[in-house]
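*Asks:* This structure is in structure tokens; I'll ask about it shortly.
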Amino acid sequence: MNIIIGNQKGGVGKTTHAILLSNYLSLEKQKELLILDMDFQGSIKTKWNQDLEIFDNDPLYEVLQLDLETFSSIFEKLNSTTGYVIIDLPGKIDDNNLVLVFEQADIILCPFSYDKLTFESTIIFAQIIRHINMNAPIIFLPNRLKATANYSLKEQVNEALSNFGHIAPEIPDRISLQRLDCFTISENALGAIKEAYEFIYNTYLSNQPSKISITD
């Protein structure tokens, strides 16, 4: 199962939730998975390499760094897997190589926030995804919500996005969500993401087998 985490807007939490979801599935659900770091910054691969030197225990999962151009060389292997492949995408949509990635997605997880610029970018992203891939569910993940903020666009945004997919429970703004590694998940971070991730898992992922391999 290919789970892409994307939005053309940068800074909405794509990389954060790629790591958090991977840790959650590994530690809380005992699932096997692979991360494809396709963001040009390579943040997950860099973090994973650093964590390998810090932690003594075996890694929870493998991280492969790929350019968009090289995705076509492995996507047939991805389609033959029976586990989770979590794909962290760059914050753009103006690359033709993304078309194949979107076509091969089984689920699209789209973090966003309730500001006008992010809303407009998220709508455009959803429109393009739905044009390319009519079957994969889109799950919009309201991210980094501050308890004291007044989100005046919230109702309007949710109504518009619901035309393309489902709105997951909100993720509050927590310092613990910024202190991530690829080996653990803190109680504070788990408490912040659990309702949203349980919704995603129970609705879309719970029937997926755990074994994964893309080797020949």
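Rule-based calculations on the coordinates, nothing more; no lab input. Just so it is clear, the model here is predicted, and its values are computed rather than measured. Every residue, glycine as well, gets a Cβ built from its backbone with ideal geometry; the counts of neighbours run over all protein chains shown.
*Asks:* Residues with beta-carbon under 13 Å from that of residue 146, excluding residue 146: net charge, scoring Lys, Arg +1 and Asp, Glu -1?
*Replies:* Details: positive: 144, 154, 174; negative: 115, 170, 173.
That works out to 0.
*Asks:* So how do 17, 166 line up by other beta-carbon neighbours within 10 Å, fewest first? Present the calculation step by step, with values, prior to reporting the outcome.
*Replies:* Working: 17 24, 166 15.
By the 10 Å Cβ count, ascending, the order reads 166, 17.
*Asks:* Which value, in debye to the nearest 20, describes the size of the charge dipole of segment 1-150 about its Cα centre when Lys and Arg Cβ atoms bear +1, Asp and Glu Cβ atoms bear -1, and nothing else is charged?
*Replies:* On the way: 12 positive and 19 negative charges, 135 e Å.
Its charge dipole is roughly 640 debye.
*Asks:* Still on this structure, please answer the following. Report, ordered by chain and residue number, the aspartates and glutamates lying within cross-link reach of residue 9, taken as a straight Cα distance under 15 Å and ignoring same-chain residues fewer than 8 apart.
*Replies:* 39, 88, 94, 95, 115, 120
*Asks:* While we're on this one: Grab the other residues whose beta carbon is less than 15 angstrom from that of residue 134, score K and R as +1, D and E as -1, and report the net.
*Replies:* Details: positive: 130; negative: 103, 106.
Neighbourhood net charge equals -1.
*Asks:* Compute log10 of I(q)/I(0) for segment 50-108 with the Debye formula, placing one identical point scatterer on every Cα and leaving out solvent, at q = 0.20 Å⁻¹, to two decimals.
*Replies:* The Debye formula, applied to the Cα set alone, gives -0.87.
*Asks:* How long are the semi-axes of the equivalent ellipsoid of segment 148-213, taking √(5λ) for every eigenvalue λ of the Cα gyration tensor, in whole Å from largest down? Walk me through the numbers on the way to the answer.
*Replies:* Working: eigenvalues 129, 86, 16 Å².
Here the semi-axes work out to 25, 21, 9 Å.
*Asks:* Which of 121, 60, 48 sits closest to the plus end of the dipole of the chain, meaning its Cα is farthest towards the positive end, when Lys and Arg get +1 and Asp and Glu get -1 on the C-beta?
*Replies:* Of the options given, the answer is 121.
*Asks:* Starting from 0.36 nm per residue, how many nanometres of slack lie between residue 155 and residue 131 once their C-alpha separation is accounted for? Kindly include the intermediate steps, with their values, before the conclusion.
*Replies:* Working: separation 24, 0.36 × 24 = 8.64 nm, distance 2.46 nm.
That works out to 6.2 nm of additional length.
*Asks:* What does the convex hull of the Cα atoms of segment 2-205 come to per residue, in Å³, rounded to a whole number?
*Replies:* 115 Å³
*Asks:* Within the set of other residues whose C-beta is less than 15 Å from the C-beta of residue 179, count the net charge using Lys and Arg as +1 and Asp and Glu as -1.
*Replies:* On the way: positive: 47, 144, 174; negative: 51, 173, 181, 187.
So the surrounding residues net to -1.
*Asks:* Taking +1 at the Cβ of each Lys and Arg and -1 at the Cβ of each Asp and Glu, which of 204, 168, 38 sits farthest along the dipole of segment 2-205 towards its positive end, judged by Cα position relative to the Cα centre?
*Replies:* 168
*Asks:* Moving to a separate point now. Only helical DSSP H runs with n ≥ 4 go in: add -39500 (n - 2.57) per run for the chain, normalise by residue count and round the 222 nm mean residue ellipticity to 500 deg cm²/dmol. Walk me through the intermediate numbers first.
*Replies:* On the way: 7 runs with 76 residues, N = 216.
Helix contribution divided over all residues of the chain: -10500 deg cm²/dmol.
*Asks:* While we're looking at this one, here's another question. Where does each of 148, 82, 122 land when they are ranked from fewest to most other beta-carbon atoms within 10 angstrom?
*Replies:* On the way: 148 5, 82 12, 122 24.
Exposure proxy ranking, most exposed first: 148, 82, 122.
*Asks:* Still on this model: What dipole magnitude, in Debye to the nearest 20, does segment 59-216 give about its Cα centre under +1 on Lys/Arg Cβ and -1 on Asp/Glu Cβ?
*Replies:* Working: 11 positive and 20 negative charges, 80 e Å.
That gives segment 59-216 a dipole magnitude of about 380 debye.
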